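Everything below concerns the one structure shown next.
None of the figures in this text is laboratory data; all of them are computed from the coordinates on show. Since this is a predicted model, take the numbers as computed values, not measurements. Here the Cβ positions follow ideal geometry from the backbone for every residue, glycine too, while neighbour counts run over all protein chains shown.
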Ligand SMILES: *Cc1c(COP(=O)(O)O)cnc(C)c1O
């Protein structure tokens, strides 16, 4: 690089570099939909569903309107509602906790393991036992979240759910493409919710989502629930919602899906570059036996809570963006505090979730970062420590 050329700007996510690769194909597909007028449930939706199922190695994929609606439809299909306890990590995006509450169920917040940021198995078992002991709620479902793209411990989670007769739901909104023991996320759990929000590993240009499952009966229910619970047109069999995936968003995803495998490799390479440069200074995401993270986000843990604003300022001064996922554990959110207090009378504390919220920091992560940019990010982090 010569002194005159300014360095490539760094962004947290980058949808422009990817779009440049597929823009003519996107324009062609959107034009075809404008010509056909098949805006709702067009052929692109079915084509995408088949390709998503194939990519994940799962029997069925049902396109829906968002990741949040994917979670909601999956829980509605189980009849989850008042009196039901839905166990989920206290450290996740708000949608994971919002859905059980919207359905009248009670979220029971579970602590996370510091080395994975995912649900802590021992704490989960302890809280299931407490719910049974208190006897007011029925343990009904576990939502395992593959946070930042890192697979949760699905063999163990499935085992716990089987032993307790609970529904296992994978919130893989940040993790599409991730795999565990040779099986992609989507083929684990009873059902898996995906989000196609633009910044996710597979994102559209608006809102979108999908539910993956190996269970044909569940897939059929999801199709009914996303269209107002209809069995056939205007024959309403159950209470549903308007939860369909737009044809135009499906078309965009069809253009992007062929890039995903290479993009996942690029994310893995970038995570390796970060680890090489930062592992001696901060806690970087550790290796996980048998797993391939989708690297939806790349978050480091700072040595102590007090340094975060200093590090962010040092990064900003060097033109490097950063973000905090998430600044507050869900049981401290005003909207969920009452549910938390009402869920378990004797709720044990959630110290890891609380501590991690103070120390977590997300660095730029997208498949189009080069090694020089990663070096600049790492230098900026180290400068702020
Ligand atoms: C993005 C996200 C969701 C919600 O997806 P939307 O498509 O925005 O509704 C749910 N859970 C997690 C963990 C997410 O990151």
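Under 1.5 on a/c is rounded, so check that first for the range 123-264, then, if it is not, pick prolate when a/b is larger than b/c and oblate when it is not; a ≥ b ≥ c are the square roots of the alpha carbon gyration tensor eigenvalues. Judged from the Cα gyration tensor, the range 123-264 comes out oblate (a/c at least 1.5, b/c at or above a/b).
Between the alpha-carbon centres of the range 41-98 and the range 132-195 there is a gap of 12 Å.
R0 = 35 Å: FRET efficiency of residue 125 with residue 216, Cβ-based, nearest 0.05?
Between residue 125 and residue 216 the formula returns 0.65.
Separation of the range 201-266 and the range 268-308, taken as the distance between their Cα centroids, equals 32 angstrom. Multiplying the residue separation of residue 47 and residue 279 by 0.36 nm and subtracting their alpha-carbon distance yields 79.3 nm. Plainly put, the range 1-67 has a radius of gyration that is 1.17 times its Kirkwood radius, both from alpha-carbon atoms, as the Rg/Rh ratio. Ordering 353, 195, 116 by the number of other Cβ atoms within 10 Å of each residue's own Cβ, fewest first, gives 116, 353, 195. Short-range pairs are left out: with C-alpha atoms under 8 Å and at least six residues apart, the relative contact order of the range 259-384 is 41 percent.
For the range 174-239, just say rounded, prolate or oblate: build the C-alpha gyration tensor, square-root its eigenvalues into a ≥ b ≥ c, call rounded for a/c under 1.5, and beyond that prolate if a/b exceeds b/c, oblate if not. Cα axes put the range 174-239 in the oblate bin. Most fluctuating residue of 31, 271, 294 in a GNM of the chain with Cα springs under 10 Å: which is it? Evaluated over the chain, the most mobile residue of the options is 31.
When Rg and the Kirkwood Rh are both derived from Cα coordinates, the Rg/Rh ratio for the range 1-141 amounts to 1.13.
A straight chain from residue 233 to residue 337 at 0.36 nm per residue would run longer than the Cα-Cα distance by 33.3 nm. Our summary gives the chain a relative contact order of 22 percent, counting only alpha carbon pairs under 8 angstrom and 6 or more residues apart. Along its three principal directions, the equivalent ellipsoid of the range 259-384 from the Cα gyration tensor extends over semi-axes of 30, 19, 13 Å, largest first. Normalised by 2.2 N^0.38 Å, with N the number of residues, the alpha-carbon radius of gyration of the chain equals 1.00.
Going from the residue with the fewest nearby Cβ atoms within 10 Å to the one with the most, 119, 128 rank 128, 119. Note on residue 19 and residue 261: the extension gain reaches 85.5 nm, defined as 0.36 nm multiplied by sequence separation minus the Cα-Cα distance.
For 93, 222, the sequence from fewest to most other C-beta atoms within 10 Å is 93, 222.
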